[in-house]
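Q: Before I ask anything, let me first share the structure, which is written out below as structure tokens.
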Amino acid sequence: MNEDENVVDPSHPRYQSLMIRKKIADAGAKGMLADSAMIAHGRGEAFDYLLGEQTIQSAQDATREVAARLVRARKPILSLNGNAIALAGAEFLTVASQLNCPIEINIFYRTPERMGALLGNLKMLNTKLGLDVEILGGVPDARIPGLEGPRGACQSNGIFEADTILVPLEDGDRCEALTAMGKEVLVIDLNPLSRSSRKGTVTVVDEVTRVASNLIQMIPQKPSVTEWNNDQALLAALNHISSTITNKFQ
Ligand code: ATP
Ligand code: MG
């Protein structure tokens, strides 16, 4: 990044990554994120670096499986946190409109101000894109069993009743609690070792903006659900990382 943190030099070899980081910085300045958001993002960046900042084959396959399960679902929902909205809010609105399903905002550190900023941002994008996606999360009236405090709050006509839930950048124990409710939990997480990655039904080990764009391409193709082996997909990502590292020293 340049000395002026608002300007990213397009000739920088990792321009794309710096632009994504800037989206988090800008959203933080708008009051959409908790202070820890950049740390969570940095953890993702580190894994993306090791993956070569690309969609690897196993992630492509996992994204197709996610698209298939969202299309098959009786009541799908996209559960978005602040980082997911900051990075790919417009893309997820498009995905929700393709699926004709709602988005529910669910944030780790809930304050009325931050919730208001995120709701306002998605509503603005909804109008800008000419979409009419239902946006939930503002008035939680149900609880995810086993989760204390605001993190367990959800809406009865949203996450609580959904059979299939897409959770980008989810916290591990919330992912586990949603799985325990009997839902299909579709995870997007760059860290193949995180609890979310290991507890999900299908995990896409890829950067959230790349996944959202790929989903927009794949959903209209209505792919078929397969017998998915998630551990095998996580191992493929880990093998890719280890061969990237080995190749650097050859
Ligand atoms: P867990 O709670 O699942 O064990 P964690 O506590 O290490 O994971 P959290 O802070 O709860 O991590 O969640 C953030 C997760 O989101 C991290 O695993 C990180 O790799 C991932 N992540 C961050 N930014 C991105 C991104 N842009 N795209 C995809 N994943 C990301
Ligand atoms: Mg966590």
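The values are calculated or read from the model by the stated rules, or taken from the named source; none is laboratory data. Every value quoted in this text rests on a predicted model; they were computed, and no experiment measured them. Glycine gets a Cβ as well: all are built from the backbone with ideal geometry, and neighbour counts include every protein chain shown. Ligands, DNA and RNA are excluded from the accessible area calculation, which covers all protein heavy atoms including side chains. Shrake-Rupley method; radii C 1.70, N 1.55, O 1.52, S 1.80 Å.
Q: Looking at 170, 113, 134, which is the one that is more than 20 Å from residue 36 (Cα to Cα) and either of a type outside the set (A, V, I, L, M, F, W, C) or more than 20 Å from the chain's Cα centre (by Cα) (or both)? If you could, list the steps in order and put the result at the bottom.
A: Numbers: 170 fails: more than 20 Å from residue 36 (Cα to Cα); 113 fails: more than 20 Å from residue 36 (Cα to Cα).
After applying the criteria, what remains is 134.
Q: Something else: Given the structure, is residue 184 open to solvent by 10 Å² or more (accessible area, probe 1.4 Å) and closer than 17 Å to residue 74 by Cα?
A: yes
Q: Could you check residue 92 against (1) within 23 Å of residue 125 (Cα to Cα); (2) without any contact (Cβ under 8 Å) to a residue 12 or more places away in the chain; (3) aromatic (Phe, Trp, Tyr) and say which number it fails?
A: All conditions pass for residue 92, except number (2).
Q: Okay, next question. Which condition from (1) open to solvent by 40 Å² or more (accessible area, probe 1.4 Å); (2) in contact with an Asp or Glu (Cβ under 8 Å, 6 or more places away or on another chain) is the one that residue 113 breaks?
A: (2)
Q: Let me ask you something else. List every residue pair whose Cβ atoms lie under 8 Å apart, where the two residues are 6 or more positions apart in sequence or sit on different chains, the first residue falls within the stretch 36-64 and is within 13 Å of residue 207 (Cβ to Cβ), and the second residue, located anywhere, is among the acidic types (Asp, Glu) and within 15 Å of ligand 2 (Cβ to nearest atom).
A: 44/189
Q: Hey, could you check the stretch 140-162 for residues that are in a loop (DSSP other than H, G, I, E, B) and open to solvent by less than 40 Å² (accessible area, probe 1.4 Å) and say which is nearest to residue 66 (Cα to Cα)? Spell out the reasoning first.
A: Initial filter on the stretch 140-162 (in a loop (DSSP other than H, G, I, E, B)): 140-141, 144-148, 155, 161-162.
Filter once more, keeping what is open to solvent by less than 40 Å² (accessible area, probe 1.4 Å): 144, 147, 155, 162.
Numbers: 144: 22, 147: 25, 155: 23, 162: 15 Å.
If we take residues in the stretch 140-162 being in a loop (DSSP other than H, G, I, E, B) and open to solvent by less than 40 Å² (accessible area, probe 1.4 Å), then 162 is nearest to residue 66 (Cα to Cα).
Q: Quick one: which helices (runs of 4 or more DSSP H) sit completely within the stretch 1-92 and have at least 2 residues that are open to solvent by 70 Å² or more (accessible area, probe 1.4 Å) and among the aliphatic types (A, V, I, L, M)?
A: Hits in the stretch 1-92: 37-51.
Q: What residue, of 153, 177, 162, is among the hydrophobic types (A, V, I, L, M, F, W, C), within 16 Å of ligand 2 (Cβ to nearest atom), out of contact with any helix residue (DSSP H, G or I) (no Cβ under 7 Å at 6 or more places or on another chain) and farther than 23 Å from residue 57 by Cα?
A: On the way: 153 fails: within 16 Å of ligand 2 (Cβ to nearest atom); 162 fails: within 16 Å of ligand 2 (Cβ to nearest atom).
Unique residue meeting the criteria: 177.
Q: Between 242, 196, which is open to solvent by less than 50 Å² (accessible area, probe 1.4 Å) and free of Cβ contacts under 8 Å to residues at least 40 places away in the same chain?
A: 196
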